[in-house]
Amino acid sequence: MTTERLYSISEVAIRIGVSYETLRRWIEKGAVEAVRVGPDGTIRIPERTLQTLINIYSPPTFRTSRTSRD
């Protein structure tokens, strides 16, 4: 049995470039999967959900090649 890593709202918000409040609203609306863990019911986001959000909200990284100028 493998355990999936869980991330805090803050960690995910930073990774995808949205505010904590925005991500929290998405969770409350059911647009983002989250689970409650521990006796205090702390909200965590599964790694598979983080990967989906990264694919949707993170801009692609472009690499430019250096060219010589004559």
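Each value in this text was obtained by applying a stated rule to the coordinates, not by laboratory testing. This one's a predicted model, so the numbers in the text were calculated from it and none came from an experiment. Neighbour counts run over all protein chains shown; Cβ positions are idealised from the backbone, glycine included.
For the range 1-50, trypsin sites (Lys or Arg not before Pro) are listed when DSSP marks them as loop and at most 12 other Cβ atoms sit within 10 Å of their Cβ; the list is ARG5.
Along the range 51-57 the Karplus relation, 6.51 cos²θ - 1.76 cosθ + 1.60 evaluated at θ = phi - 60°, assigns HN-Hα couplings of 4, 4, 5, 4, 4, 7, 9 Hz to successive residues, with x for each Gly and Pro.
Could you work out how much longer the chain between SER8 and ASN55 gets when fully extended? Use 0.36 nm per residue separation minus the Cα distance between them, nm to one decimal. It would help to have the intermediate numbers written out before the result.
Numbers: separation 47, 0.36 × 47 = 16.92 nm, distance 1.81 nm.
Full extension of this stretch gives 15.1 nm more.
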